[in-house]
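Colleague: One structure is given below, represented as structure tokens, and several questions about it will come after.
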Amino acid sequence: MKTWQKIVLFSLTCVAFIGIDRITKQLAKEHLMYAEPKSYFHDTFRFEYVENTGAALSFGDDLPKAASFWLLSIVPLLIMIALFIYVIRQINNFTTFKLFLFTLIIAGGLGNIIDRIAYDRHVTDFMNMGISDLRTGIFNVADMYITAGVIGLFIVYNSKNKGLLKPDNV
């Protein structure tokens, strides 16, 4: 595949994943905002609407508005732009799988940044998993993208360094 085709495919995939994140957040607003939490599989999965003004697990929720804007919106946006540029420059050195993992990270990061900028620092979260009192924090689809992408890259790079995967297959 030609470089420009990879860049277009990468960019369109990012946009598609951001779109899916936006749709799920809108559905959460429409169906969960003023509703009681919905529980499935004996409360293993729970859907409840929350607006988070902090980072993961509400970290930084109590920051002043200006500091929050810069630390949780602008700095991450600059990081996502830098990561996007890195991927574009290295696109011919990446396998399809590694490119997909970077797509997940960038789309997830931008999905949450869009919320922060468009909704005055408020990110829509609506999913929770756990057993009894052992539960995750409340998260969204963008958070799932980021987590899957980071775990995937961690596995790829560690497997390659330990010789489990051939470098030209990673």
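Colleague: Using a cut-off of 14 Å between beta-carbons, work out the net charge of the residues near Arg121 (Lys and Arg +1, Asp and Glu -1, Arg121 not included). Working shown, then result.
Modeller: Values: positive: Lys65, Arg116; negative: Glu51, Asp61, Asp62, Asp115, Asp120, Asp125.
Cβ neighbours under 14 Å give a net charge of -4.
Colleague: What stretch of the chain, leaving out the sites themselves, is the longest with no trypsin sites (Lys or Arg not before Pro) in a DSSP loop having at most 12 other Cβ atoms within 10 Å? Display every interim value, and only then the final one.
Modeller: Values: sites that count: Lys2, Lys162.
My reading of the result: 3-161 is the longest stretch.
Colleague: Equivalent-ellipsoid semi-axes (√(5λ), Cα gyration tensor) for the chain, whole Å, largest first?
Modeller: Values: eigenvalues 183, 81, 48 Å².
Calculated on Cα positions only, the semi-axes equal 30, 20, 15 Å.
Colleague: Oh, and also: Which cross-chain or sequence-distant (5 or more) residues have an amide H under 5 Å from the amide H of Asp61, H modelled 1.01 Å from N in plane?
Modeller: Under 5 Å from the amide H of Asp61 lie the amide H atoms of Ala55, each far enough along the sequence or on another chain.
Colleague: Could I ask something else about it? Counting other beta carbons within 10 Å of each Cβ, put Met127, Met33, Met1 in order, fewest first.
Modeller: Values: Met127 20, Met33 13, Met1 10.
Ascending number of Cβ neighbours within 10 Å: Met1, Met33, Met127.
Colleague: Dividing the Cα radius of gyration by the Kirkwood radius, what Rg/Rh value follows for segment 29-119?
Modeller: Working: Rg = 16.9 Å, Rh = 15.6 Å.
So for segment 29-119, dividing Rg by the Kirkwood Rh gives 1.08.
Colleague: When the helix-only estimate is applied to the chain (DSSP H runs of n ≥ 4, each -39,500 (n - 2.57), divided by the residue count), what is the mean residue ellipticity at 222 nm, nearest 500 deg cm²/dmol?
Modeller: Details: 5 runs with 95 residues, N = 170.
One gets -19000 deg cm²/dmol as the mean residue ellipticity at 222 nm.
Colleague: Hey, what angle do you get for helix 75-90 against the long axis of the chain, alpha-carbon based, 0 to 90 degrees rounded to 10?
Modeller: Approximately 30 degrees, to the nearest 10.
Colleague: Next up: Which angle between 0 and 90 degrees, to the nearest 10, do you get for helix 141-161 versus the longest principal axis of the chain when only C-alpha atoms count?
Modeller: 40 degrees
Colleague: Turning to a different aspect of this structure: Mind giving me the FRET efficiency for Asp61 and Lys160? R0 is 25 Å, r the Cβ-Cβ distance, nearest 0.05 is fine.
Modeller: Numbers: r = 38 Å, r/R0 = 1.50.
Working from the Cβ atoms, E equals 0.10.
Colleague: Still on this structure: When the C-alpha atoms of segment 1-81 are aligned to their principal axes, what extent does each axis show, in angstrom, from largest down?
Modeller: Answer, in whole Å and largest first: 50, 36, 22 Å.
Colleague: Just subtract the alpha-carbon distance of Val150 and Leu77 from 0.36 nm times their residue separation and send over the number in nm, one decimal. Before the final figure, lay out each step's value.
Modeller: Working: separation 73, 0.36 × 73 = 26.28 nm, distance 1.72 nm.
Full-extension gain reported as 24.6 nm.
Readers should treat all values here as calculations from the given coordinates under stated rules, not as data from a laboratory. The shown structure was predicted, so the numbers you read here are calculated from the model rather than taken from an experiment. No Cβ is skipped: glycine too gets one built from the backbone with ideal geometry, and neighbour counts run over all protein chains shown.
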